Amino acid sequence: VWKDGTRAIDKDVPDVTKSIINHVNTSLARQAYNIDDMGAYQAVALAARDDLLINWNETQLNYTRKAPKRAYYLSLEFLMGRTLDNALLNLGLKDNFTQGVDKLGFNIEDIIDKERDAALGNGGLGRLAACYLDSSASQELPVWGYGLRYKYGIFQQLIAPDGSQLEAPDPWLEHSNPWELPRVDVTIDVRFYGHAERLDNGKAIWSGGQEVLAVAYDVMIPGYHTKTTNNLRLWESKPKRGFDLNSFNAGDYEKAVQSSNSAETITSVLYPNDNTMVGKELRLKQQYFWTAASLNDIMRRFKNYGKPITEFPEYVAIQLNDTHPTLAIPELMRLLVDEEDVPWDKAWSIVTSTFFFTNHTVLPEALEKWPVPLMQHLLPRHMQIIFDLNLTFLQAVEKKFPGDRDRLARMSLIQEGYPQYVRMANLACIGSRRVNGVAELHSELVKTTIMKDFVEFFGVSKFSNVTNGITPRRWLDQCNPALSTLITETLGCTKNEWLKDLYKLEGLLKHVDDPKFQKKWAAIKQSNKERLAHHVEVTLGIKINTKAMFDVQIKRLHEYKRQTLNLLGVVHRYLALKKMTPEQRKKINPRVVFFAGKAAPGYYIAKLTIRLIVNVARVINADPDTKDYLSMFFLPDYSVTLAEILIPASDLSQHISTAGTEASGTSNMKFCLNGGLLLGTVDGANIEIAEEVGDSNVFFFGHLTPAVEELRYQHTYHPVPVEEKCPALAAVLDEISAGRFGDGSVYEPLLNTIRQGDYYLLTEDFDSYIQALSMVDAAYQDRTEWIKKSIRTTAKMGKFSSDRAILTYAEEFWNIEACKVP
Ligand code: 26W
């Protein structure tokens, strides 16, 4: 029984050891006296899984009995990270497992460390999906995730001797995965290609082509201190006929296995592009394979409720995580019209009452559009449906705005040209009941830029905001246990209470001025910095000065996120240090700058940025004049697990995108929750973080969103040389060109993005960035004041719990309620 009276799985320490030994002997068929950490991990994971499964079964049974309205979160990415530690904490069994494992002669943290990340995502969108599953289960909401079971997750990043990024595959399933259950009984046929023959009244028959099998794998999603254990269903593709016997008998072995090869390819790899669309046929195949399997499964479950088809939206809500699952809209139309005999207009009203669409980016290069000829070939019936929907839709637009041809062209589901393209955001918008962005500023930009015409057509009430959130379970309790304990002691409530009502953190404010509390707070930050330093020493063989300020920027490499601005700021600082006398330097606060993040394999400028970071680091870390005051590291292969070590150790984190480009950002919330201060632009959720913690506790700089468009116009039509616009920056660029950090010509293409065009406005923001960095230095001099800022920051993070975000989706969009397991 948990302290708050809710029921746990009963498992005392002897039960734990018994269960582990049992799994060693039976599931693993090994001897307990002869087992290594990896074997121990597998047995411990299976022991924990037994408890998850009991809860999972009870939860699903309860849903079947009570038949509540359910919500489904369709996401092509779920960036889950590791499961064991999180599962034990959520089950309330961490202490008993720690002791049990100890009795068997192992250390729980070493065992936890054996698990590989489930890295089925690129970045923000995928990790958000993972946080939302945790919050849904923790609040006992009937929510399932649907995604793909990629055989290879996001690539492993290696750094070559010359400093550039190399990619290696991530065979994460190599050692088997205890957290998934194959459901060989849940299989669905998915068709591709073939032809669609129109019948009367909008119906058609789609036949021929190729059929592929979708096999379900279920992943248990435990809520925090509740029995509710939800499901994440991931689909694997399989050949429908594994072997073509006819070809085999004819002696053509190659041909016999061919169909099986192409079917299995569909779910083999996660596409590693973040915020950039590459129009690969296989990616479109993935999107259809996944949405078709998921909708079929959802329809089957709805039918088990025994309700008339017209009540579908009363029992099903489907959230589209960006435009990636937009094919679910024509697919549900196809199911209703072609297979369930629902009249076209009625079907459309069911569809538009079922779907909800979240946009995660306004960057033009990220907006999905697919060539009509490709879609016609792969999905002939869906192409018909899209054309039919477009016709009716454009007629309605014409009726509301007669004679406005430009408007029709902008709003059409089809972009004209050779070839034509299907615009997925337009389709997602017209097929959904509500459209939302992920932070206040971003949602405004959605309404005033990419969706402007649609706001004018549908009315503004269809469009709203749900600011992103993060789960405080993983991003505080799990990754920063010492801080979690201190918070619990200080607040005078149970850990469960504040972790489920994060606004309770405000109770820390009354202790801000207590020197004893400040000291404990600072000591925890210090030991987290030492933990990080230890990790870097063990993995990279590098020693780090833990007395220095830890300054961290970790996120996907992208020009809009401006890692280059940070890098050029470091070079600027280095050059300034070089000019100082040894006496002057002694007054400087030492600083260690950390970078981590992956670049899309085909993104040349992003990869060049990594190479420059690595080579600048080599020079400055080796310079005897300055190395005690400034060093810089690029930590390879950024992951959820690495983030869990880096975030609690940061004094300062950087979120410095060009204003108006970062939809929200979520790591900004994670750093602040762990008492790291924020250096950022007036962009995304940074703005709302500043609103919560107050301007005096964050460091802001740079131009605001409304200025950006105007400045870009000037850059295009009235360019001013960088030497004139920003001499300090020009000096830094020149040093790099001149070869101070290795052959400068290598970096010319990167430097030229700034010298010419400067789309992301580094020349406009550099001076104010340098000023902000000086303010940071000045603030860090007064360590007590810094610690107070740190405490105040954590205390005001209540709003950014993903529990709040998910509850908003549940109440305002999905209309679902908690469904408690009795
Ligand atoms: C089609 C290629 C592609 C792939 C992924 C386009 C767009 C994406 C994602 C939508 C990019 C993404 O992850 N966006 C991030 O979403 C986070 C969660 O809402 C936000 O916090 C980030 O600001 C946003 O960049």
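The values are calculated or read from the model by the stated rules, or taken from the named source; none is laboratory data. Nothing here was measured: the structure is a model prediction, and the numbers come from that model. Here Cβ is always computed from backbone atoms with ideal geometry, including for glycine, and neighbour counts include all displayed protein chains.
Quick notes on this one:
- Close pairs (8 angstrom Cβ cut-off, 6 or more residues apart or separate chains): touching a residue at least 60 places away in the same chain (Cβ under 8 Å) and within 21 Å of residue 799 (Cβ to Cβ) in the stretch 440-464, away from the ligand (no atom under 16 Å from the Cβ) and in a helix (DSSP H, G or I) anywhere: 464/812
- The residues of the stretch 438-491 that are in a helix (DSSP H, G or I), hydroxyl-bearing (Ser, Thr, Tyr) and within 16 Å of the ligand (Cβ to nearest atom) amount to a single one, 443.
- Candidates 790, 745, 768, 737, filtered to the one that is without any contact (Cβ under 8 Å) to a residue 12 or more places away in the chain and assigned by TED's automatic domain parsing to the domain that holds residue 613: 745
- Among the criteria (1) in contact (Cβ under 8 Å) with a residue 60 or more places away in the chain; (2) surrounded by 15 or more Cβ atoms within 10 Å (Cβ to Cβ), the one residue 176 does not fulfil is (2).
- Residue match in the stretch 62-69 (condition: modelled with pLDDT of 95 or more and surrounded by 24 or more Cβ atoms within 10 Å (Cβ to Cβ)): no
- Close Cβ contacts (under 6 Å, 6 or more residues apart or on different chains) running from residues in the stretch 360-372 that are under 21 Å from residue 467 (Cα atoms) to residues that are within 10 Å of the ligand (Cβ to nearest atom) and among the acidic types (Asp, Glu) comprise 360/322.
- Among (1) part of a loop (DSSP other than H, G, I, E, B); (2) out of contact with any Lys or Arg (no Cβ under 7 Å at 6 or more places or on another chain), the one test that residue 572 misses: (1)
- Only one of 222, 169, 161 that is surrounded by fewer than 16 Cβ atoms within 10 Å (Cβ to Cβ) and under 20 Å from the mean Cα position of the chain (by Cα): 169
- Of the set (1) on the phi < 0 side of the Ramachandran plot; (2) within 16 Å of the ligand (Cβ to nearest atom); (3) of a type outside the set (Phe, Trp, Tyr), all apply to residue 611 but (2).
- Test result for residue 32, at pLDDT below 95 and small (Gly, Ala, Ser): yes
- Boolean, residue 764 is within 16 Å of the ligand (Cβ to nearest atom), in a helix (DSSP H, G or I), of a type in the set (Asp, Glu) and buried (at least 17 other Cβ atoms within 10 Å of the Cβ): no
- Candidate set: the stretch 47-105, residues that are free of Cβ contacts under 8 Å to residues at least 24 places away in the same chain and of a type outside the set (A, V, I, L, M, F, W, C); chosen: the one farthest from residue 136 (Cα to Cα): 105
- Which listed residue is in contact with a His (Cβ under 7 Å, 6 or more places away or on another chain) and at pLDDT 95 or above, from 76, 84: 76
- Some residue of the stretch 515-533 being touching an Asp or Glu at 6+ places or on another chain (Cβ under 6 Å) and either modelled with pLDDT of 95 or more or over 24 Å from residue 806 (Cα atoms) (or both): no
- Among the residues of the stretch 310-368, those identified as under 16 Å from residue 76 (Cβ atoms), β-branched (Val, Ile, Thr) and within 14 Å of the ligand (Cβ to nearest atom) are 323, 326, 358, 361.
- Residue, nearest to the ligand (Cβ to nearest atom), within the stretch 275-300, restricted to residues that are under 15 Å from residue 150 (Cβ atoms) and touching a residue at least 12 places away in the same chain (Cβ under 8 Å): 283
- In the stretch 251-274, of all residues being part of a loop (DSSP other than H, G, I, E, B) and at pLDDT 95 or above, the one that is nearest to the ligand (Cβ to nearest atom) corresponds to 271.
- Considering (1) polar (S, T, N, Q); (2) surrounded by fewer than 21 Cβ atoms within 10 Å (Cβ to Cβ); (3) within 27 Å of residue 271 (Cβ to Cβ), the lone condition that residue 584 does not fulfil carries the number (3).
- Long-range neighbours under 8 Å by Cβ, at least six apart or interchain, first residue free of Cβ contacts under 8 Å to residues at least 24 places away in the same chain within the stretch 409-422, second surrounded by 15 or more Cβ atoms within 10 Å (Cβ to Cβ) and assigned to a helix (DSSP H, G or I): 412/390; 412/394; 412/426
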